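Everything below concerns the one structure shown next.
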Amino acid sequence: MRMEYDAVVLTGASGAIGAYVLESLQSASYPKIFAVFSRPASLRRFIEKVGSSPRVTPIVADLRSDECLQVLREALSGRGRTAFIHAAADVSWTKSKAAISDLNVDGARRIATLASEGDARNALIMFSTAYAHRSNGVFLNPYEESKLCAENTVLETFADRLRIGILRPTLVVGASETGRITRFNGVYPLVRVIAFGELPCIVGDPDYAVDLIPVDWVADEALALLSRVDHEPGPIMVTLSAGDERVLLKDLVKLIRERVDHQFGQWGLPAPPPLSIIKRRQFDFLLRAAPSWNLEERFEQVRRISDLMAGYLNHVDDNTRIDCQNASRKAPRLGDYLPQTIDFWLNDHRERLAKAPTPSWAE
């Protein structure tokens, strides 16, 4: 059931989730859709990849600055009752909290401020992350902490003025049927490391259960939540996770390797060297021995990339299952979407893979 809003405003329209939500909004025949892009270059890149639509009005506004509010007010003047879907975020796992708070925390506050203006009680659907609510209370990176701060800021300040829904997905990968996605974040650095043969090993727990969900399911749940906040008491919190469909890290690496070998075989390319998973205590031993083997640089790269991927390689003792909560339907089956997501990345990088030299460590 679709509610009667005069317009929908989507932030982060060029992001991995936002781009798919934008497609879903167009399919749902909303009368006015405003898509917010942070910079003119972001809009140009999006149009080059996806194209433009007469039903979508683009707005360039940087949510990291209070100046964006006036830009958005002018662009949205006279819009009527409006639903806001806030998908803009800095998803870096390596930046400091201070570096990402202007967008992740203050950007959410700015959008909520705009949504709360006027006489009509508008809706705000905001994307967060399931990892902001780990059972042990430990954040793996500033991104997770910033998203919890954003939730608290919006709920504490605007819950009485807005119809609020918060979506908390785990790690998002490509669409169920095609594997398509516009940004390669999250698990995709692992696909890259294996396909390019960049490292001899990664540091992680082979038995850690990785929680991956397809972007089309996430987008569908965003639109379903947009309908629910208009008819159910809120705020409404939805956690999206794979649940029983989680995959062990060692099995994920095996699957990626199988897809890499299959695609490379079809392209007539030599298979890249193998990748091992070693636990932290094993890596610490190798690191201590590295100077005598003249391997400091190589192991520093292993450490750096493993830390980059710490969100699913598990560098803390928390393998607690995250249950799917309050979603409108169950998560798709892992086998129905994961191979396609890997193949999509490989095909998108085919030319670069064909030109990649043999890694120095494997020579």
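The values are calculated or read from the model by the stated rules, or taken from the named source; none is laboratory data. All figures in this text were calculated on a predicted structure; none of them were measured in a lab. Positions of Cβ are generated from backbone atoms using ideal geometry, with glycine treated the same way; all protein chains shown enter the neighbour counts. Each accessible area value is taken on the protein alone, full model and side chains, heavy atoms only, with ligands, DNA and RNA left out. Shrake-Rupley method; radii C 1.70, N 1.55, O 1.52, S 1.80 Å.
Where residues in region 248-277 are part of a loop (DSSP other than H, G, I, E, B) and among the small types (Gly, Ala, Ser), which of them is modelled with the lowest pLDDT? Outline the logic, then answer.
At the first step, the residues of region 248-277 found to be part of a loop (DSSP other than H, G, I, E, B) are 268-275.
Filter once more, keeping what is among the small types (Gly, Ala, Ser): 268, 271.
On the way: Gly268: 96, Ala271: 92.
That would be Ala271.
Kindly indicate which of Arg64, Arg73 is of a type in the set (D, E, K, R), surrounded by fewer than 16 Cβ atoms within 10 Å (Cβ to Cβ) and either out of contact with any helix residue (DSSP H, G or I) (no Cβ under 6 Å at 6 or more places or on another chain) or part of a loop (DSSP other than H, G, I, E, B) (or both).
Details: Arg64 fails: surrounded by fewer than 16 Cβ atoms within 10 Å (Cβ to Cβ).
On inspection, the qualifying residue turns out to be Arg73.
Mind listing whichever residues of region 169-197 are under 16 Å from Arg259 (Cβ atoms) and of a type in the set (Val, Ile, Thr)?
Val173, Thr178, Ile181, Val187, Val191, Val193, Ile194
Can you name the residue in region 153-202 that is part of a strand (DSSP E or B) and among the charged types (D, E, K, R) and, of all such residues, is farthest from Ser116 (Cα to Cα)?
Arg168
When you scan region 257-267, do you find a residue that is open to solvent by 10 Å² or more (accessible area, probe 1.4 Å), closer than 24 Å to Gln340 by Cβ, of a type in the set (D, E, K, R) and without any contact (Cβ under 8 Å) to a residue 24 or more places away in the chain, even just one?
Yes, region 257-267 contains at least one residue that is open to solvent by 10 Å² or more (accessible area, probe 1.4 Å), closer than 24 Å to Gln340 by Cβ, of a type in the set (D, E, K, R) and without any contact (Cβ under 8 Å) to a residue 24 or more places away in the chain.
Could you grab the pairs with beta carbons closer than 8 Å, sequence gap of 6+ or different chains, first residue in region 58-75 and under 21 Å from Ala98 (Cα atoms), second one open to solvent by 40 Å² or more (accessible area, probe 1.4 Å) and among the hydroxyl-bearing types (Ser, Thr, Tyr)?
Matching pairs, first to second residue: Ala61/Ser38; Asp62/Ser38; Leu63/Ser38; Arg64/Ser38.
For Ser53, indicate whether it is in contact with a helix residue (DSSP H, G or I) (Cβ under 7 Å, 6 or more places away or on another chain), within 29 Å of Arg228 (Cβ to Cβ), open to solvent by 30 Å² or more (accessible area, probe 1.4 Å) and in a loop (DSSP other than H, G, I, E, B). Explain how you work it out, then say what you get.
Details: in contact with a helix residue (DSSP H, G or I) (Cβ under 7 Å, 6 or more places away or on another chain): yes; within 29 Å of Arg228 (Cβ to Cβ): yes; open to solvent by 30 Å² or more (accessible area, probe 1.4 Å): yes; in a loop (DSSP other than H, G, I, E, B): yes.
Yes; evaluated as a whole, the condition is true for this residue.
Starting from residues that are among the β-branched types (Val, Ile, Thr) and under 27 Å from Leu212 (Cβ atoms), keep the ones in region 114-153 and report whichever is surrounded by the most Cβ atoms within 10 Å (Cβ to Cβ).
Only one residue fits best here, namely Ile125.
Taking into account only those residues within region 255-283 that are of a type outside the set (Ser, Thr, Tyr) and in contact with a strand residue (DSSP E or B) (Cβ under 9 Å, 6 or more places away or on another chain), which is nearest to Pro214 (Cα to Cα)?
Filtering region 255-283 for residues of a type outside the set (Ser, Thr, Tyr) gives 255-275, 277-283.
Checking the rest, the ones that are also in contact with a strand residue (DSSP E or B) (Cβ under 9 Å, 6 or more places away or on another chain) come to 255, 275, 277-280, 282-283.
Values: Leu255: 16, Leu275: 25, Ile277: 25, Ile278: 28, Lys279: 28, Arg280: 30, Gln282: 33, Phe283: 32 Å.
Checked region 255-283; the qualifying residue nearest to Pro214 (Cα to Cα) is Leu255.
Could you run through region 295-328 and say how many residues are small (Gly, Ala, Ser) and modelled with pLDDT under 80?
The first filter runs over region 295-328 and keeps only residues small (Gly, Ala, Ser), leaving 306, 310-311, 327-328.
Narrowing further to those that are modelled with pLDDT under 80: 310-311.
Count: 2.
Which residues, taken from region 4-15, are under 18 Å from His86 (Cα atoms) and either assigned to a loop (DSSP other than H, G, I, E, B) or open to solvent by 20 Å² or more (accessible area, probe 1.4 Å) (or both)? Break it down into steps so the answer makes sense when it comes.
Residues of region 4-15 under 18 Å from His86 (Cα atoms): 5-15.
Once the filter is applied, which keeps residues that are under 18 Å from His86 (Cα atoms) and either assigned to a loop (DSSP other than H, G, I, E, B) or open to solvent by 20 Å² or more (accessible area, probe 1.4 Å) (or both), region 4-15 yields Tyr5, Asp6, Gly12, Ala13, Ser14, Gly15.
On the given criteria, is Thr11 over 23 Å from the mean Cα position of the chain (by Cα) and at pLDDT 95 or above?
Working: over 23 Å from the mean Cα position of the chain (by Cα): no; at pLDDT 95 or above: yes.
No: the conditions fail for Thr11.
Suppose we filter Phe139, Phe184 for residues that are free of Cβ contacts under 8 Å to residues at least 12 places away in the same chain, within 22 Å of the chain's Cα centre (by Cα) and under 30 Å from Glu300 (Cβ atoms); which single one remains? Give the derivation first.
Numbers: Phe184 fails: free of Cβ contacts under 8 Å to residues at least 12 places away in the same chain.
Step by step, each of Phe139, Phe184 is checked, and only Phe139 is free of Cβ contacts under 8 Å to residues at least 12 places away in the same chain, within 22 Å of the chain's Cα centre (by Cα) and under 30 Å from Glu300 (Cβ atoms).
Going through region 91-131 one residue at a time, which ones are within 17 Å of Arg168 (Cβ to Cβ), out of contact with any strand residue (DSSP E or B) (no Cβ under 9 Å at 6 or more places or on another chain) and not in a helix (DSSP H, G or I)?
Val91, Trp93, Val105
Say we look at region 25-45 and pick out the residues that are surrounded by 17 or more Cβ atoms within 10 Å (Cβ to Cβ) and touching a residue at least 40 places away in the same chain (Cβ under 8 Å); which of these is nearest to Glu67 (Cα to Cα)? Reasoning before the result, please.
Going through region 25-45, the residues surrounded by 17 or more Cβ atoms within 10 Å (Cβ to Cβ) turn out to be 25, 30, 33-38, 42-43.
Filter once more, so that each one left must be touching a residue at least 40 places away in the same chain (Cβ under 8 Å): 25, 34, 36, 38.
On the way: Leu25: 27, Phe34: 18, Val36: 14, Ser38: 12 Å.
The selected residue is Ser38.
Can you confirm whether Glu117 is at pLDDT 95 or above, farther than 29 Å from Pro332 by Cβ and charged (D, E, K, R)? Spell out how you get there, then give the answer.
Numbers: at pLDDT 95 or above: no; farther than 29 Å from Pro332 by Cβ: yes; charged (D, E, K, R): yes.
So Glu117 does not fit the description; no.
Would you confirm, using the coordinates I've provided, whether Ala99 is within 23 Å of the chain's Cα centre (by Cα) and either surrounded by fewer than 19 Cβ atoms within 10 Å (Cβ to Cβ) or modelled with pLDDT under 90 (or both)? Break it down stepwise before answering.
Values: within 23 Å of the chain's Cα centre (by Cα): yes; either surrounded by fewer than 19 Cβ atoms within 10 Å (Cβ to Cβ) or modelled with pLDDT under 90 (or both): yes.
Yes, satisfied.
Quick one: how many residues across region 245-292 are farther than 16 Å from Val187 by Cα and of a type in the set (A, V, I, L, M)?
Of the residues in region 245-292, 7 are farther than 16 Å from Val187 by Cα and of a type in the set (A, V, I, L, M).
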